[in-house]
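The block underneath contains the structure these notes are about, expressed in structure tokens.
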Amino acid sequence: MQLSLNEDQTQVLDFIDSLAKPFATVPMHDVSLALESAELDEALVENGFLDVMAVEELGPVTAALVVEKLARLPFAIEAAASAMVRPLIDPELPRPLCLVEEGKTRKPLRFLRPGATVVVVGPSGVKSFAATEEMIAPAQEDTLYGYPVAFLTSLPESMTAHDVDPAEITRAWRVGMAAEAAGLLGGALDSTVTYVCERKQFGRPLATFQGMRHRLAEDQVMTNSVYWIAMRAAGTGDAGDAAMALLHAQEAAKRVCYDYHQFLGGMGMTLEHPLHLWTYRLKLLTAELGGRGAQGLAAAEALWG
Amino acid sequence: MQFEWTEEQDAFRYKIRDFLHANLPDDWEKFSEHGPASPALTAFAREFCVKLADAGILFPHWPREMGGEGLGPWEQQILAEEMWIAGEPRGGQYMNVNWIGPTLEKYGTPEQKARYLEPITKGQSLWCQGFSEPDAGSDLAALRTRAELKDGNYVINGQKIWTSYAGLADTCFLLTRTSDDRKRGITIILVPMDTPGITVRQIPSLIGEGDIHEVFFDDVTVPESARFGDEGQAWEIVGYSLRNERLGIPRFRLARAALDRAVQMLKDAGEFDSEYVKIEAARCAALCEAAGTANYAVVQRRVDGLVIGAESSSARYATVMAERVVCEFVVEFVPEGLAGASPYLKMHHQRGIVAGVAAGSAEIQLNIIASEVLELPREPR
């Protein structure tokens, strides 16, 4: 048991901090529903941050730390699937990666665009294909989810089959989503805390009212424990840990997204405040992999058979 | 970061498990229902702790100069986990080795160390903690039990409440007021419980026999040498002690063990097929494991020699959440467990429901998190 960051991990995270600094805030007057940056994405790829899992001294926990760190940014980055799942399938698969459960292709797919690699995971195995224009329908333009999303309208006749265990891919997928949710929870909490410390009503900051302080403190407890169980799931590689991590993250997401928009009042309903970038990503992640019920059943199966 | 135990740590855990297996009586589970503060368990612990001392696992985490083996915080954690999930066969003596001993070592006079440490190391003493009062619970600094220095003696008058183990304890770690300066007017006095003028009355409780008392002090007179630390130093010393106490009980581990028992009972009854029950059980497990890992992150700070601050309150609150859902799960799906079908589940329930109240209420932990972790501006007073 050794829960502090090692020197390599500290270095990787410090490097990401300096590289992502220009992207730490939303550009002035930007009111995008989903914010992306090709420049940031390219810099992350060039510097190998999405490939740390394969580096022996770094491994899956460092990959989870990278995913968590990046998810704190207001910019959406396809990091979890690329950094934590792709190395297990084929490290050369072109990004972005869109993971989809077999038979459940009706849902909005994050980062789906021509050229993206769609990975279908299910009982019949793990298969992938490159998405083309004809198979994609755009989502409604003012879709609220803070990610770019689109729909798959058809599947190609043939896909590349990968010789990997779908259960293992699902496990890594859960860990990646839990790590991403941990970062989103952290980003949303920071954003909310800043607001309630500045906003004054009745002559004092909102943050001085106990009705809000206790709920925010409970949200911190959830955020902190999601971080730790996500890192643990990355470290142990255990199927039960992975299912519990995503279950706990999805539980936390449901709770805090409601709280934070309440705390921001009218401001939280506008696009002038960036809170929605974290909360609406979290909301979409609550639907990932079948949501809490599916994670709960998977965890129960792993723990108690 | 690395989330596996080392071989040595695993070996230490198995050494404790083997010891427990070999030394707990066959009917232990039923017996442990008596509760850690009951006369039956206190008497049992007096024999059991001697065996633990002989086997070198009563206080192996104490430094060598105190007679321990100098094992680290992880081993202390493992020891606490194994004892707690076994139903705490050390009874109230867990406090001795968790915080009373180390606090005596840090702040005690040579005479106090000589008098009190040896019985602790031999598994032969029982302490009680004279902190809470009828009007000073969460607001501990409001305490009013007075100690007045007269002719080289402290004369103590007042009342304590809750005071686990008071009925059978030999010594009280007593907080008294020596001046009106709120926090800086509090002084610790180590009071032998057989001193004339002390009256202990047990209060029947939900959490087991012998756990909650009223203790009255009427002109209780002890020599000035019974003072622990300086006058007015109590707040600092208690802060030091509670940091050990807050991490001291690995409740999340017992909650998880109780959950596993409840699931097994459901499976045996053929009632674990419901998807709803499975999902609820998984939610409980996730909260237990998330709390456990958050607690481990605090242990890591001890390992690294860092100050333990408000993050321990966050980990503790996570544990409170886990305890709550497991207690609720058992009552909802295995209600027979608390009515005779499982002494273990009843034992867990009686320890679990107190998680958010004992050693500093959950709401106080939330205040600490708000002010010190989130750094929110404080409420106006």
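The values are calculated or read from the model by the stated rules, or taken from the named source; none is laboratory data. Remember, it's a predicted structure, so these values are computed and weren't measured experimentally. Don't worry about glycine lacking a Cβ; one is built from the backbone with ideal geometry, like all the others, and counts go over all protein chains shown.
For the range A:119-128, check the following and say yes or no: at least one residue is surrounded by 12 or more Cβ atoms within 10 Å (Cβ to Cβ) and outside any strand (DSSP E or B).
No, that holds for no residue.
Hey, any hits in the range A:80-90 for a residue that's under 30 Å from A:GLU272 (Cβ atoms) and of a type in the set (Ser, Thr, Tyr)?
Among the residues of the range A:80-90, not one is under 30 Å from A:GLU272 (Cβ atoms) and of a type in the set (Ser, Thr, Tyr), which makes the answer no.
Which members of the range B:1-19 meet the condition of being within 11 Å of chain A (Cβ to nearest Cβ), outside any loop (DSSP other than H, G, I, E, B) and either closer than 17 Å to B:THR293 by Cβ or aliphatic (A, V, I, L, M) (or both)?
B:GLN2, B:GLN9
From the residues in the range A:224-251 that are in contact (Cβ under 8 Å) with a residue 40 or more places away in the chain and surrounded by fewer than 24 Cβ atoms within 10 Å (Cβ to Cβ), which one is farthest from the other protein chains (Cβ to nearest Cβ)?
A:ALA239
Here is a check on your reading of the model: is A:TYR260 among the hydroxyl-bearing types (Ser, Thr, Tyr), more than 10 Å from chain B (Cβ to nearest Cβ) and touching a helix residue (DSSP H, G or I) at 6+ places or on another chain (Cβ under 8 Å)? It would help to see each step written out before you state the result.
Numbers: among the hydroxyl-bearing types (Ser, Thr, Tyr): yes; more than 10 Å from chain B (Cβ to nearest Cβ): yes; touching a helix residue (DSSP H, G or I) at 6+ places or on another chain (Cβ under 8 Å): yes.
Yes.
Does the range B:1-40 hold any residues that are more than 30 Å from A:VAL66 (Cβ to Cβ) and β-branched (Val, Ile, Thr), and which are they?
B:ILE16
In the set B:CYS327, B:CYS288, B:CYS284, which member is surrounded by 21 or more Cβ atoms within 10 Å (Cβ to Cβ), more than 7 Å from every other protein chain (Cβ to nearest Cβ), in contact with a Ser or Thr (Cβ under 9 Å, 6 or more places away or on another chain) and of a type in the set (A, V, I, L, M, F, W, C)?
B:CYS288
Kindly provide the set of residues from the range B:268-280 that are of a type in the set (Asp, Glu), surrounded by 11 or more Cβ atoms within 10 Å (Cβ to Cβ) and more than 9 Å from every other protein chain (Cβ to nearest Cβ), ordered by number.
Across the range B:268-280, the qualifying residue is only B:GLU271.
Do we find a residue being under 22 Å from the mean Cα position of the chain (by Cα) and outside any helix (DSSP H, G or I) anywhere in the range A:236-247?
yes
Could you list, in sequence order, the residues of the range A:34-50 that are surrounded by fewer than 19 Cβ atoms within 10 Å (Cβ to Cβ) and under 15 Å from A:GLN11 (Cα atoms)?
A:ASN47, A:GLY48
What's the total number of residues in the range A:192-221 that are more than 8 Å from every other protein chain (Cβ to nearest Cβ), part of a helix (DSSP H, G or I) and either of a type outside the set (Phe, Trp, Tyr) or touching a Lys or Arg at 6+ places or on another chain (Cβ under 7 Å) (or both)?
The qualifying residues number 8.
So for the range B:28-43 (the condition being part of a helix (DSSP H, G or I), modelled with pLDDT of 95 or more and either more than 14 Å from chain A (Cβ to nearest Cβ) or more than 29 Å from B:ALA294 (Cα to Cα) (or both)), does at least one residue qualify?
Looking for residues that are part of a helix (DSSP H, G or I), modelled with pLDDT of 95 or more and either more than 14 Å from chain A (Cβ to nearest Cβ) or more than 29 Å from B:ALA294 (Cα to Cα) (or both), one finds none in the range B:28-43, hence no.
Of the numbered conditions (1) in contact with a strand residue (DSSP E or B) (Cβ under 8 Å, 6 or more places away or on another chain); (2) at pLDDT below 95; (3) closer than 20 Å to A:ALA161 by Cα, A:LYS107 satisfies every one except a single condition; which is it?
Of everything listed in (1) in contact with a strand residue (DSSP E or B) (Cβ under 8 Å, 6 or more places away or on another chain); (2) at pLDDT below 95; (3) closer than 20 Å to A:ALA161 by Cα, A:LYS107 misses just condition (3).
Would you be able to tell me the number of residues in the range B:321-359 that are closer than 30 Å to A:ALA207 by Cβ and either assigned to a helix (DSSP H, G or I) or modelled with pLDDT of 95 or more (or both)?
5
Looking at (1) in a helix (DSSP H, G or I); (2) under 22 Å from B:GLN365 (Cβ atoms); (3) more than 11 Å from chain A (Cβ to nearest Cβ), which is the only condition B:MET265 fails?
Failed condition: (2).
State all residues of the range B:360-376 that are surrounded by fewer than 16 Cβ atoms within 10 Å (Cβ to Cβ) and either outside any helix (DSSP H, G or I) or under 16 Å from the mean Cα position of the chain (by Cα) (or both); if no residue qualifies, say none.
Matches in the range B:360-376: B:SER361, B:GLU375.
With the requirement that a residue be at positive phi and touching a strand residue (DSSP E or B) at 6+ places or on another chain (Cβ under 8 Å), what does the range B:107-156 give you?
If the condition is that a residue be at positive phi and touching a strand residue (DSSP E or B) at 6+ places or on another chain (Cβ under 8 Å), then B:GLY152 is the only one that fits.
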